[in-house]
Amino acid sequence: MLRVCVPLAALALCGCFNEPKPVPTAFKSEPHGHSHDRNDMMIADAGHYHAALTAHLSSKDGNELDIFFEAADDRTKPVPLPLAIFTATAMTADGKVHQLAFEPTPLDERKGDPEGKCSHFVARAGWMKAEDVLTVTTTVDIDGKPTAIAWKNFSPKKYAHHVD
């Protein structure tokens, strides 16, 4: 009996019976140590990049939403992705759901993007009002992995880069 009890006691003292530590999941967002606030864009994590959402409010041309993909450590560095088009969902505070189709902007609005890749996308949002509060969600392939992106409490008026 002593032969069994002594080794078991030694194992217990060295921590072998402690609860295993949970393994972090791949979807957990780690703190970046930097702010996501910007005057006319709401920033969301997009894998190891950022995705900036902004509104274009125009009574003449119609309202739009723009998304810019950029490096997380340098907002001046666009990240062109091999996406031709992607969809998103916008939900207003009253629960109405609107589908969005984001397409590449013209080349002159995204100088430096290589052929077949884009860093700046736009979607028509004629239903959107400046006073709306939106939750915009999408999933896009980034570096070969489906990546969920969400902007919560997006105010088109607050995050408008153009108003007329």
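The values are calculated or read from the model by the stated rules, or taken from the named source; none is laboratory data. Quantities reported herein were computed from a predicted structural model and do not represent experimental measurements. Virtual Cβ from ideal backbone geometry, glycine too; neighbours counted across all protein chains shown. Areas reflect the complete protein model, heavy atoms only, side chains present, ligands, DNA and RNA absent. Shrake-Rupley method; radii C 1.70, N 1.55, O 1.52, S 1.80 Å.
The table for this structure:
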| read-out | value |
| --- | --- |
| Lys/Arg +1, Asp/Glu -1 at C-beta; the range 63-156 dipole; positive extreme among 102, 92, 82 | 92 |
| Rounded to the nearest 10 Å², the accessible area of residue 164 at probe 1.4 Å | 80 |
| Sequence of 127, 151 from largest to smallest accessible area, 1.4 Å probe | 127, 151 |
| Heavy atoms of residue 103 accessible to a 1.4 Å probe, total area in Å² rounded to 10 | 100 |
| Other-chain or far-sequence residues with amide H under 5 Å of residue 72's (modelled H) | 50 |
| Whether the range 73-164 is rounded, prolate or oblate, judged on the alpha carbon gyration tensor where a/c under 1.5 counts as rounded | prolate |
| Computed over the range 97-144, Cα set: Rg, Dmax in Å | 13.4, 37 |
| Carbon/sulfur fraction of accessible area - the range 63-164, other protein chains in place, 1.4 Å, % | 52 |
| Distance between modelled label sites at residue 137 and residue 94, nm, 7 Å Cα→Cβ extension | 2.2 |
| Cut-off 11 Å between beta-carbons: net charge of the residues surrounding residue 51, Lys and Arg +1, Asp and Glu -1 | -3 |
| Amide H within-cut-off set for residue 81, under 5 Å, with H built and near neighbours excluded | 118, 119 |
